[in-house]
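Throughout, read-outs are computed from the coordinates displayed, never taken from laboratory work. Quick caveat, the model's predicted, so the values are computed rather than measured. Positions of Cβ are generated from backbone atoms using ideal geometry, with glycine treated the same way; all protein chains shown enter the neighbour counts.
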Amino acid sequence: MRPTSYPVPPLRRLCALLLGGLLWAGAGLASIPTSPEEVVRQASEQVLARLQAEPAVQTQTERLHALVDEVLIDHMDMDRMARWVLGKYSRRVDEDQLARFSAAFRGLLVRTYATALTEYNGQAMRFLPVRQDAEDRVTVRTVIEQPAGPAIPIHFSLHNRDGAWKAYDIAIDGVSMLASYRTSFAAEIRRGGIEQLIESLQAQQTQGQGF
């Protein structure tokens, strides 16, 4: 069976802007981040530092995936993201299914972001004031400056989990990444069930596909 692709229009092009802009958002590595804005800045700076030290990584799939998984995905709350993106179906899966889905979904995010890093063309990012959504939730608001075209707003939703700020969603030009995946995954589950969704995501990972 051919694995299902999960398009999040127009995510691929905007992810390239997103991650590329992040790479140029700061000027160097700092100490352990103490604010949500610093989490966003420093994660990107770590990626940039690695790519500057080892330019070949950008064209080596396995090493690029490992870099994204180690630096960027580590700053995301994968448990919350996995449960939210499954929506009502998260209450219908057992712990084993949830663990396998979470691992497969993480792989999808790694491949998506790694692809974005290979498409970056040098756009710059500007940070706006952080929006406080609740005592433990904030939105780090940024815009990607375009040389020929309007700026693109990109908002990072973070919450404080056990004393650390973790991202749980990214909205690109007003479109939530998780909401887009949630819609695609729900349609797949309705067609073939949660096991078919997990198997499709795992097949994509084996074949090195993105979305």
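Pop the C-beta distance of T206 and R137 into the FRET formula with R0 = 41 Å and round what comes out to the nearest 0.05. Computed FRET efficiency for T206 and R137 comes out at 0.70.
Please compute, over every Cα-Cα pair in the range 50-159, the percentage with a separation greater than 21 angstrom.
When all Cα pairs of the range 50-159 are counted, 54 percent exceed 21 Å.
Per 0.36 nm of contour for each residue apart, how much would the distance between V130 and A66 grow if the chain were fully extended, relative to their Cα-Cα spacing?
Once the chain is fully extended between V130 and A66, it gains 20.1 nm.
Once the chain from W84 to A53 is taken as fully extended at 0.36 nm per residue, the excess over their C-alpha distance is 7.5 nm.
Applying 1/(1 + (r/R0)^6) with R0 = 45 Å to the Cβ-Cβ distance of R91 and T118 gives a FRET efficiency near 0.75.
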